[in-house]
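Report on the following structure.
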Amino acid sequence: MNALGRRSPWVGALVWCVAVLSLTVLAAAAVVRSTVLDAGFYGKVLEDERAYQRFYDEVLVDPGSTPLTSDLLERLPVPQSTITSNLKVVVPPETLRTMGQGQIAEMVHYLEGDRDRLRVRVDLEPVVENVERLSQAYFGDAVAALQKRSEPDFRAFVQHLSELVARVVAGEAPLDELPTLPLSRGQAGAATDALMRVVPDGATHDDVRSTVRTALDRGDVASALAAIAPVALTDQVRDAAEELLREARQGTWVVTVDVEPGTEALAPLDRARGVTRLFQDVVEPAAAVLCAAALTLLWLLTPSPAKRRLIPLGWVPAAAASLLALTVLVLRLTLRDTLFGTPASWPPAASGLLADVQAAALDRLLTTAVVVAVILLAAGALLITVGWVWQTRPGVPVLTDPRHVPALTFTVTAVALVGTMLAPVAITGSSPRICQGSAELCDARYDEIAQLASHNAMATTADRFIGPLQDPDIVGQLGAGVRVLLLDTHRWERPQEVAERLSTSDFSPAERRRLTSILERVNPPHPGLWLCHSVCGAGALELEPTLRQIGQWLRDNPTEVVTLILQDGVDAVATQDAFARAGLSDLLFEPDPDPDRPWPKLKDMIDGGRRLVVFAEKADGPAPWYRNLYRYAMETPFAFRSPDEMSCLPNRGGSDGRLFLLNHFVTAGGGLRLDAGVVNSRQRVLERAHSCERQRGRPVNFVAVDYATIGDALGAVGELNAERVEDEGRRPPVERSPGRLEGAAETRRRGGAPRRRAVSRCSAVG
């Protein structure tokens, strides 16, 4: 073999080139496997770009999205803010993330060739549950009127609606279900045009139009729908609708649709699939065989002694590294930051989001390739250095002993190859870890982050409170991004206690008179513990069932931390027993007894399973998890009569608390949606938070608002957190004075009395 190499130098050169090319291909395949064919790669890119949250914060509020949302609502005069807030309730970012991760996994299976068709699989159950909550908030009275009941039966309503849809899908006219509408000729014509948009062009198009127009001229909506359904619904759509209805009747809401290959929408994915299949099935196996064979031949073809063989062997990974780096450079210059453009009809925010995601994905892919090239270069340099030292430094025993040569060569080569295969996986990592809805907050401490808090979280439209201050129920608020719930615990008042309670509440005088009149007639006391807003007769939730719901939500969302701040109208022992009966003992976090000690990182709280923090306004123990808020936190005033009155003056907790509660709501009139629409704007929240942080020397931790789904307070909280996460790590924009901290700590070490301040009955929590 050596004689062949000496007689034919081109043979050795050819083998060397084959080794370089095959090793380059293997390195590229490793990069592709750990990026393009790894679901975690896409998940990390989306998290790095905050794609799920930006969909709500940027895309939906973009004026360019208005035509789309208007078309979805048939151009009804619905405010854009209402659409955005309701979408956040129906499909919150966490639900959108779960759906996205599931679809990414399906796409990767399709690219790898595990499936012949791309499967679109969507679990609608969480969406349906949220829609039901929203419908209870907005349509409860209408449903009750239709059913001629005092309270709506939503389960029966949904079942009835499903049956109605099934009849329409089958082409039957639900004559006894839909009303006759007195339409003018102009209205009938406009309605006909709108309905005919879903009918495909064909030989029956004119006949269907005539039938629909005749039916609408006499106001017969049922016959018009029955005429359109058979021709408007393709077999695929009809099958999907029937499957959906069948699943709904069985109690599940999972929709699965297999998309036929070759469709225009799948063209880019199909091209990528062809490349990845070729790589996996042909190129990569062939490259592995050729690389092993070429490296073996290169060793055998190189003339003895063995010390000469290491240097040409080392030039193989070095050359492969150069070739891979050159490929990266060409791709960077050719592709710039985008792989494909967006349709001109897309709103600018959507195009910008997609461009950012593409740029981040391409950057991560090319960075992975560069690191692999560096590993190959290092391996080649090591082999070359060993060969050179062996030849020029014969006194080195480990190199001059012939027995060590094969083992040393094999070890270095194997490490280079294994490193090339495994480095991309180490770089891209698995799916990003999420804490509190973000991959960037896991290393942040609890006292460093901002969180959205809902003031009087139990007083909701969904639960039919008189004078509500939130729209979704408590679970709906958690789904919409609220992580701090301000709750009032009470025992049901006797009638004689009502007047006294109302006199110190934040209800307007007119509302007090109205409530007093009503409650004198219909306010029998109820035993047990309740969540009420001032007066239980004006709305109440049982404490223990509500706590169970919160606990179940936490178990369904294992990466989230929730905080409860109780205006405790119930004694501490009874409250602690309620938490125990609700099964929350394993979730309760125990704060450090020293309020000045830093809080743990979110990832440590999550890993420890203690993800429910509970504060009280008055109590402090005896349970170690039930601590007085104002030993640990400070707050702003809360009794503002208008947005312009909001200030940052110290209130309860003084001015040296480690946690900072920003009361950001207007109490005049019992809390109005109009005021919430003003103060909950992203800019208004950011401006006040920054102002109060500068004045207090501490970052705001809890942003408490009324009507948390109105405006964009959640977006402001996200921006506050983004500001605190910088390139070098987390840096809160402001920090409290060390002297003030040390002085407070010294006072406690000396046994100083805890702070006590007079507080009003009308508190921020209540």
Can you work out the FRET efficiency for the pair D644 and R555, with r the C-beta to C-beta distance and R0 = 30 Å, to the nearest 0.05?
-> 0.10
Roughly how many Å is it from the Cα centre of segment 565-637 to that of segment 692-727, as a whole number?
-> 22
Just grab the label-to-label distance for V275 and S345, each label 7 Å out from Cα along the Cβ direction, in nm (one decimal).
-> 2.8
Per residue accessible area in Å² of segment 607-702, where ligands, DNA and RNA are left out and the probe is 1.4 Å = 35
Using label points projected 7 Å from each Cα along Cα→Cβ, tell me how many nm separate R115 and W388, to one decimal.
-> 5.4
Residues Q695 and D620, FRET efficiency given R0 of 30 Å [Cβ-Cβ distance, rounded to 0.05] | 0.65
Once the piece of chain linking A13 and T334 is laid out straight, how much longer is it, given 0.36 nm per residue of separation minus the C-alpha distance between them?
-> 112.5 nm
Compute the length gained on full extension between H205 and A267: take 0.36 nm times their separation in residues and subtract their Cα-Cα distance, giving the result in nm to one decimal.
-> 19.3 nm
Per-peptide average of other Cβ atoms within 10 Å, ordering 673-679, 661-667 highest first = 661-667, 673-679
Surface accessible to a 1.4 Å probe, I384 within the full protein complex, Å² = 40
Ranked highest first by the average count of other Cβ atoms within 10 Å around their residues, in what order do 433-444, 457-468 fall?
-> 457-468, 433-444
Heavy atoms of W346 accessible to a 1.4 Å probe, total area in Å² rounded to 10 = 100
Taking 0.36 nm per intervening residue step and subtracting the Cα-Cα distance, what contour gain separates T98 from D592 on full extension?
-> 174.4 nm
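The values are calculated or read from the model by the stated rules, or taken from the named source; none is laboratory data. None of the values given here were measured: they were computed from a predicted structure. Note that each Cβ is placed from the backbone with ideal geometry, even for glycine, and that neighbours are counted across all protein chains shown. To get the accessible areas, we keep the full protein, side chains included, count just its heavy atoms, and leave off ligands, DNA and RNA. Shrake-Rupley method; radii C 1.70, N 1.55, O 1.52, S 1.80 Å.
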